[in-house]
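The values are calculated or read from the model by the stated rules, or taken from the named source; none is laboratory data. This structure is a prediction, so every number in the text was calculated from the model and none was measured. Backbone-built Cβ (ideal geometry, glycine too); neighbour counts: all protein chains shown. The accessibility values were calculated without ligands, DNA or RNA, using every heavy atom of the protein model including side chains. Shrake-Rupley method; radii C 1.70, N 1.55, O 1.52, S 1.80 Å.
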Amino acid sequence: MQTVVITGGTDGLGKGLALHYLRQGARVLAVGSTPTKGEALLAEAAAVSAADRVAFLQTDLTSVMATKELVAEIESTCPSVDKLILCAQRYRLFGARTVTREGFEHSFALAYLSRYVLSHGLRKALESAPRPVIMNVGTPGVPLGRIHWDDLQLTRRYSGFKATLQSFRANDLHGAAFAALYADTPIRYIGYNPGVVSTGMPNHLPQPLRALTKASLAVLAASVPKAVKPMARLLDEPPAGPFAIYRTTRQLSLKGPAFDQDDALRLHRLTQDLVGAAWGWP
Ligand SMILES: NC(=O)c1ccc[n+]([C@@H]2O[C@H](COP(=O)([O-])OP(=O)(O)OC[C@H]3O[C@@H](n4cnc5c(N)ncnc54)[C@H](OP(=O)(O)O)[C@@H]3O)[C@@H](O)[C@H]2O)c1
């Protein structure tokens, strides 16, 4: 039986993929921070006779320590992981800069550091599976934002947009670094941009933007069931190369500064120092 780990597996795209793989007979570990959302997923899993193959792992992924504990918990219960799908996100586009209890800027911690720790931390479990895949869901291929090398935590001239875009660009470099560091790994790493999808994302925006975003998504956006179809196809039949990026069904070029290998390895080393090199990562 396949094991599928999904962060943000309790809402939006992550939940759509969780239900898809439960219907396919896989074991799904869904990570989220809100117990009621986890309970709702467990109830929906029971309704498709998958209660014995689903687990809700309540974790606050803004915490590096909690994410490391999550890695240890998954490793201790699963001999292998077939798919790691990284969807957890909470946009904080407005308001003041906030830092986690470990001192990291919120978007950097949730949208980038948690994905870095899970990808590296679960690498061995993934490599034990016959056809392992990591899918990092974000906005690869969008030329907006940059890495603020001299101030990764954005202590100066902070804006929520700047922080969100930096976390997306950090994930682009993370994919490039992962493929460069583990040249012989069987893991296929996919950076995936789903396009505009109607999910739980606007629920955390301030009014009146929340209502406006919901109204425009109702007209313009794809539904979750429609959006997860090409994602599942790619996850089941990943491309041959170690690293690829897609926007919905279209493969995009890896040329350009967003995937520069020197920058990718530079960010990897800086991040390794930030999260602690405890696990002997390269
Ligand atoms: N929707 C779109 O149009 C769109 C477009 C481009 C890219 N994307 C990307 O697609 C991915 C999924 O987005 P979505 O729209 O499906 O999001 P969503 O519906 O808002 O779901 C976000 C998920 O992340 C979890 N999460 C948030 N904060 C967390 C925390 N601190 N710890 C653990 N889990 C946490 C949420 O669970 P809790 O609330 O319980 O914490 C929820 O399960 C994101 O990476 C997003 O950037 C989406």
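Numbers at a glance
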| quantity | calculated |
| --- | --- |
| Elements of type strands (runs of 3 or more DSSP E) contained in the range 1-94, each with 3 or more residues being open to solvent by less than 10 Å² (accessible area, probe 1.4 Å) and closer than 24 Å to residue 124 by Cβ | 3-7, 27-32, 83-86 |
| Positions within the range 166-191 being surrounded by 19 or more Cβ atoms within 10 Å (Cβ to Cβ), touching a Lys or Arg at 6+ places or on another chain (Cβ under 8 Å) and not charged (D, E, K, R), in sequence order | 166, 171, 174, 187 |
| Any chance residue 153 is assigned to a loop (DSSP other than H, G, I, E, B), farther than 22 Å from residue 114 by Cα and not β-branched (Val, Ile, Thr) | no |
| Residue that is nearest to the chain's Cα centre (by Cα), among those in the range 147-166 that are within 16 Å of the ligand (Cβ to nearest atom) and not polar (S, T, N, Q) | 165 |
| Test result for residue 101, within 13 Å of the ligand (Cβ to nearest atom), modelled with pLDDT under 95 and under 27 Å from residue 214 (Cα atoms) | no |
| Selection from the range 255-266 of residues that are within 19 Å of the chain's Cα centre (by Cα) and either among the hydroxyl-bearing types (Ser, Thr, Tyr) or open to solvent by 30 Å² or more (accessible area, probe 1.4 Å) (or both) | 258 |
| Enumeration of residues in the range 106-138 that are open to solvent by less than 30 Å² (accessible area, probe 1.4 Å) and part of a loop (DSSP other than H, G, I, E, B) | 122, 129, 132, 138 |
| Residue under evaluation residue 144, criteria (1) of a type in the set (A, V, I, L, M, F, W, C); (2) within 16 Å of the ligand (Cβ to nearest atom); (3) buried (at least 24 other Cβ atoms within 10 Å of the Cβ), criterion not met | (3) |
